[in-house]
Each structure stands twice: as structure tokens, then as C-alpha cells.
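Let me begin by presenting the structure, written as C-alpha cells, before commenting on it.
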Amino acid sequence: MLVLGIESSCDETGVALVQADGPGVPRLLAHALHSQIEMHQAYGGVVPELASRDHIRRVLPLAQEVLAQAQRGLPEVDVVAYTRGPGLAGALLVGAGVACALGAALGRPVLGVHHLEGHLLSPFLSADPPEFPFVALLVSGGHTQLMQVDGVGRYTMLGETIDDAAGEAFDKSAKLMGLGYPGGPALSRLAQQGDPAAFRLPRPLLHSGDLDFSFAGLKTAVLTQVRKLGDALEARKADLAASTEAAIVEVLVRKSLAALDRSGSQRIVVAGGVGANRRLREQLDAACARRGVRVHYPELALCTDNGAMIALAAAMRLQAGAQEATTSYAFDVKPRWPLQALVA
Ligand code: ATP
Ligand code: MG
Ligand code: FE
């Protein structure tokens with residue numbers, strides 16, 4: 001079974017081809033990505049209308065690139081998968097529209113995928129894929145959730161952020177420090193030259209006794225420091241970046257360990273853009289090694305949005321019998337869509 005996957009939920013257009021034969025983990029044949037970051041940088045954030053228009057320009061050339069890379073023809077595609085939500089409505093509609101048009105033209109069924117399920121399952125494409133069940137730490141630009149994952153579509157929420165997501169905390173702090181948009185990776189790079197203990201920043205909800213997160217107060221604390229430093233900011237920026245990163249990572253690691261305790265699981269999977277963060281990987285690896293817990297990450301290139309995770313999630317849902325692809329091409333999208341609404 002050859003699955004073509006299309007991702008267009010936000011500011012990345014991603015297309016991929018995945019091959020799934022038998023019950024084994026599907027194989028990634030090719031993927032291609034176009035990031036709109038440069039286009040949105042001038043505005044300090046994603047402009048939805050510009051995002052939609054750019055997806056229109058990019059998606060078919062990327063599909064052709066992926067087919068050429070994999071040396072496959074469009075008629076060989078068995079299922080066309082697309083991101084159905086959550087995300088920007090206009091951006092989602094582009095991927096859904098193209099996927100359904102391709103499906104109709106080819107006479108092949110289509111399948112709408114949950115973007116977060118894509119992130120969640122993306123570590124299955126790594127060299128060291130996990131096995132169910134596991135605890136998942138989903139840390140992206142819009143979400144921060146701890147989940148118990150017992151199989152495809154079997155997700156129980158253990159805790160989540162009550163305000164900002166971890167990626168948002170990175171991005172907003174970076175913006176306050178003048179590091180551009182999205183500043184997460186830039187802040188993390190700068191942090192490597194700084195002292196993580198230089199500034200005392202809050203660790204919100206660290207001792208709350210539940211598995212929820214809150215990052216809005218951290219952003220305010222960073223703002224306070226930026227104002228206090230004034231002209232001295234430039235000289236202390238690396239220290240402030242390192243201290244901010246340390247605060248976010250400490251909360252993520254401590255809550256992940258608490259989730260493992262609660263679930264009794266010996267396995268944790270990290271997914272989403274913040275999963276690329278080096279300090280998070282180092283600290284979580286060290287803490288889990290002490291407990292004999294296995295940690296799985298997506299490949300670095302598949303931490304942020306991509307088409308591979310969408311093709312993969314579709315293939316795994318089909319393999320698990322969790323969903324059937326449909327030849328009804330009357331698509332809709334779900335800009336807001338909780339992951340627990342999915343059925344196994
Ligand atoms: P969602 O999936 O919740 O809809 P999204 O698709 O925007 O949100 P992702 O693409 O998974 O999120 O991840 C993007 C986020 O990851 C951004 O907030 C970005 O700053 C952050 N990020 C990426 N790399 C790093 C890094 N090395 N360190 C910290 N944050 C990072
Ligand atoms: Mg993005
Ligand atoms: Fe995402």
C-alpha cells in the first residue's frame with residue numbers, strides 16, 4: 001500500500017510517500033518540505049491568508065518532487081492522506097482540496113489525519129521505533145500534552161498546558177529578547193553559550209501534584225528581566241536564553257517523570273518541534289537512563305511539521321483498522337479538534 005501524505009495545517013507545506021506492506025512499521029520512501037518561515041518573518045508571526053496562498057503554490061510541485069525521488073508514478077498511489085485539523089482553516093482547506101481532487105482524479109480513496117496524531121506517531125519513522133504502550137510528551141508550537149498511548153487511536157490525556165505551549169514559551173521569550181520568529185531554535189542555539197543558572201526564573205506548576213503545565217508566567221518573568229537589563233541585555237542575552245531554556249526543560253522533564261510514575265510505563269516518546277531541543281533530549285535521556293526507561297524521539301528533521309508523519313499516521317490507522325479511507329470526496333476540515341475525539 002502506497003500512501004501519499006499532504007501536510008498544510010500552518011506554515012509548512014509537506015508531502016511524503018510511505019509504503020506499508022503487512023503489519024510492520026510503514027517505510028518512508030521520500031518526503032519534501034517547504035517552510036514559509038521567511039515569508040512570515042517580516043510580520044513576526046504567521047499571516048493566515050499568506051499561508052493559504054503559498055500552500056496552493058507549493059503543494060503540487062512538492063508532490064512531483066516526492067514521486068520523482070521515490071521513482072513512483074501518481075497512478076501507483078493507493079491512498080491520499082491529508083491533515084484534516086487542527087490548524088488554520090484556510091491552510092487546511094488547501095491540503096484537503098488537493099488531496100481530494102487527486103483522489104477523485106485517480107479513483108483512489110482519501111483519508112483525513114489528525115495533525116497531533118501525526119506528531120505523536122512520527123517516532124515510528126526513526127531508526128529506533130517505539131512499541132505500544134508508552135507515555136507520550138507532545139511538545140509543539142501549539143500544544144503541550146502528556147498522554148498515555150496504548151495503541152493507534154487509543155490516547156488518554158494525562159495532563160496539558162493551561163495556557164501557553166512549550167514551543168510558544170520558547171518563541172515568545174525569544175521575541176522578547178529580539179531573536180526573531182519563530183525564535184525557539186535561535187534561543188536554544190544562543191543558550192549553549194550561556195549559564196542556565198544565571199537568572200532565577202519560575203518553574204510554573206512544578207509542584208502542583210498534577211501533570212498540567214503553565215508557561216505564561218515564565219514569559220512575564222522573562223519580560224521583567226529584559227526590562228530590568230535594558231542596555232545590558234545584549235551582554236547577558238546568552239545567560240537569559242540559557243536560564244529560560246533550563247526553566248522550560250526542567251518542568252517538561254519533571255512532569256514527564258511524574259507521568260511515567262503514574263502510568264507505570266517503562267517507555268516514553270517525545271514528539272513535536274520542541275522535541276528537537278538539545279537540552280530537553282540530554283536531560284530527559286539522563287533522567288530516564290537512571291530509571292531504566294527507554295526514550296524515543298522523531299528524527300530531527302521530522303520533529304516539526306512534515307508530510308511524512310501524515311502519510312505515516314494514515315498508513316498506521318489503516319493497518320490497525322482504526323479507520324477506512326473513503327471515496328467520498330466531500331471534504332471538511334477541523335481547525336479545532338481535540339486528539340481524544342479520535343476513535344481507535
Ligand atoms: P502544533 O503542532 O501544536 O499545531 P506547530 O505545528 O506550529 O504546532 P511544531 O511544528 O511541532 O509546532 O513545532 C514548532 C515549534 O517548535 C516552534 O514553537 C519552535 O520554536 C519549536 N522548536 C523547534 N526547534 C526547537 C528547538 N531546537 N528548541 C526549542 N524549540 C524548538
Ligand atoms: Mg511551523
Ligand atoms: Fe505541528
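The values are calculated or read from the model by the stated rules, or taken from the named source; none is laboratory data. All of these numbers come straight from a predicted model, not from anything done at the bench. Note that we place each Cβ from the backbone using ideal geometry, even for glycine, and neighbour counts take in every protein chain shown.
Tabulated data
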read-out	value
Residue in region 162-174 that is under 26 Å from Ala89 (Cβ atoms), under 17 Å from the mean Cα position of the chain (by Cα) and not in a helix (DSSP H, G or I) present	yes
Selected residue [assigned by TED's automatic domain parsing to the domain that holds Gln19 and either buried (at least 21 other Cβ atoms within 10 Å of the Cβ) or in contact with a helix residue (DSSP H, G or I) (Cβ under 8 Å, 6 or more places away or on another chain) (or both)] from His143, His114	His114
Top-ranked residue in region 282-308 [being charged (D, E, K, R) and either over 22 Å from the mean Cα position of the chain (by Cα) or at pLDDT below 95 (or both); ranked as nearest to ligand 3 (Cβ to nearest atom)]	Arg291
Count of region 1-38 residues which are outside any strand (DSSP E or B), within 15 Å of ligand 2 (Cβ to nearest atom) and touching a residue at least 24 places away in the same chain (Cβ under 8 Å)	6
Residue in region 22-32 that is modelled with pLDDT of 95 or more and within 24 Å of Pro182 (Cβ to Cβ) present	yes
Output for region 11-40, where each listed residue is within 16 Å of ligand 3 (Cβ to nearest atom) and closer than 20 Å to Glu299 by Cβ	Glu12, Thr13, Gly14, Val15, Ala16, His31, Leu33, His34, Ser35, Ile37
Meets criteria (in a loop (DSSP other than H, G, I, E, B) and either crowded, with 23+ Cβ neighbours inside 10 Å or at pLDDT 95 or above (or both)) for Phe132	yes
Considering residues of region 324-342 that are touching a Gly at 6+ places or on another chain (Cβ under 8 Å) and more than 16 Å from Pro86 (Cα to Cα) only, the residue surrounded by the most Cβ atoms within 10 Å (Cβ to Cβ)	Tyr329
Flag if Val149 is within 29 Å of Val79 (Cα to Cα), among the β-branched types (Val, Ile, Thr) and not assigned by TED's automatic domain parsing to the domain that holds Leu257	no
Those residues of region 73-84 which are within 16 Å of ligand 1 (Cβ to nearest atom) and either farther than 11 Å from Ser9 by Cβ or touching a helix residue (DSSP H, G or I) at 6+ places or on another chain (Cβ under 6 Å) (or both), in sequence order	Tyr82, Thr83
Residue under evaluation Leu223, criteria (1) assigned to a loop (DSSP other than H, G, I, E, B); (2) over 17 Å from Gln283 (Cβ atoms), criterion not met	(1)
Residues located in region 39-53, provided they are in a loop (DSSP other than H, G, I, E, B) and either small (Gly, Ala, Ser) or over 18 Å from the mean Cα position of the chain (by Cα) (or both)	Ala42, Tyr43, Gly44, Gly45, Val47
